[in-house]
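See below for the structure under consideration.
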Amino acid sequence: MNTYLQFAIIKFRNNMAYRFEYLLGILNTLLSFVVYWSIYKALYGGADTVDGVTFSMVTTNFIIALGLSSAFTKNEMFLQDKIKQGTIANELLKPVNFKLRMLFEDLGEGFFRVIFNFLPTVIIAAFFAQLQAPSSLLNFILCLVSTLLGYIVLWLISFIVQSWSFWLFNVWGLITIKNVFVNILAGAFIPMWFMPDWLRSFINLTPFDSIYFTPVQLYLGELQGYEILINFARQILWIVILYAIGEFCWRKGIKKLVVQGG
């Protein structure tokens, strides 16, 4: 495990070398926050509550969602680049698990973005936005655990899409489509509270709400008792299902591998 932690540490340090880039990352997250805050401020029209959803709940939702979407950034062209460059064969010969290496490098970058993008944004936004505090210390801890599970769910979805690199010359289009579905159906752009019941019912059958909305609900204390257990169980179930699908795609892809370049 120490080997994979080193991959994460190296990725973290590499990001530290590009200070201007992480300053731009903070600016990008802040601008996104200001845009969404302004839109919902106008939609609320000075009212504090709409359909039982307070403006502070909405503000907290998109601050957390924007922060997590920044922290959940991954190198989604990693596998495709290795295949195109012809270096995938050498990578597979190394005495490390290729998928774990991908995961820990992404974790290293994600941890960097949490510290240098998400936290500064939250601190700045808290000065002029109605950011709610966590409902309790326990709920905050549960939110962190759920966030980690949500990250794994999203990473596995990304890995499945990346694995199509074995069959497609370019997976950029699939990645773009995937990102659109995640941003909309996970509640990053539109809070789940404002979605119609039929769409909420459909989303509940998918892994998308496990990514952002479950951590938000735990943070706000909207889930209690058995609801917490059910939502954690759903996240774990989706991790198992997505892992199985990803493993199937990986094994089939390795057998079909045609190295280009090199």
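List of remarks:
- More than 35 Å apart - percent of Cα-Cα pairs taken over the chain: 19 percent
- Normalised by residue number, the volume inside the convex hull of the Cα atoms of the stretch 4-147 is 147 Å³ per residue.
- Angle between the chain longest axis and helix 226-256 axis [Cα atoms, degrees, rounded to 10]: 20 degrees
- Size of charge dipole - the chain - debye, nearest 20, with Cβ of Lys, Arg +1 and Asp, Glu -1, no other charges: 1000 debye
- Using C-alpha pairs below 8 Å separated by at least 6 residues, the relative contact order for the chain is 28 percent.
- For the stretch 84-187, the Kirkwood estimate of hydrodynamic radius, built from reciprocal distances between every pair of different alpha carbons, is 16.8 Å.
- Between helix 137-162 and the chain: long-axis angle, C-alpha atoms, 0 to 90°, nearest 10: 40 degrees
- Cut-off under 5 Å, modelled amide H: who pairs with VAL53 long-range: none
- Number of Lys pairs (Cα under 30 Å; 8 or more positions apart or on different chains) in the stretch 1-90: 5
- Whole-percent carbon and sulfur share, accessible surface of the stretch 100-193, 1.4 Å: 81 percent
- Relative contact order %, the stretch 39-185, counting alpha carbon pairs below 8 Å whose residues are six or more apart: 32 percent
- Nearest-0.05 FRET efficiency for LEU144 and ASN14, computed from C-beta distance (R0 35 Å): 0.90
- Using 0.36 nm per residue and subtracting the Cα-Cα separation, the extra length available between LYS256 and TRP172 on full extension is 28.2 nm.
- Dipole of the stretch 201-262, positive end: most advanced residue of TYR219, ILE203, GLY246 [Cβ charges, Cα centre]: GLY246
- Once backbone amide H atoms are built at 1.01 Å from N, GLY221 has SER135 as its partners under 5 Å, excluding neighbours fewer than 5 places away on the same chain.
- In degrees, nearest ten, helix 19-44 long axis to first principal axis of the chain (Cα): 40 degrees
- Applying 1/(1 + (r/R0)^6) with r as the Cβ-Cβ distance of VAL34 and PHE189 and R0 = 25 angstrom yields a FRET efficiency of 0.95.
- Dimensions of the stretch 123-252 from C-alpha coordinates, computed as largest minus smallest value along each principal axis and given longest first, are 47, 32, 32 Å.
- The mean accessible area for residues of the stretch 1-98, using a 1.4 Å probe and ignoring ligands and nucleic acids, is 53 Å² per residue.
- Heavy-atom surface of the stretch 166-253, accessible at 1.4 Å and reported per residue (Å²): 52 Å²
- Helical contribution to [θ] at 222 nm, DSSP H n ≥ 4, -39,500 (n - 2.57), averaged over the chain, rounded to 500: -23000 deg cm²/dmol
The values are calculated or read from the model by the stated rules, or taken from the named source; none is laboratory data. Computed from a predicted structure; not experimentally measured. Ideal geometry is used to build each Cβ from the backbone, glycine not excepted, and the neighbour counts take in all protein chains shown. The accessibility values were calculated without ligands, DNA or RNA, using every heavy atom of the protein model including side chains. Shrake-Rupley method; radii C 1.70, N 1.55, O 1.52, S 1.80 Å.
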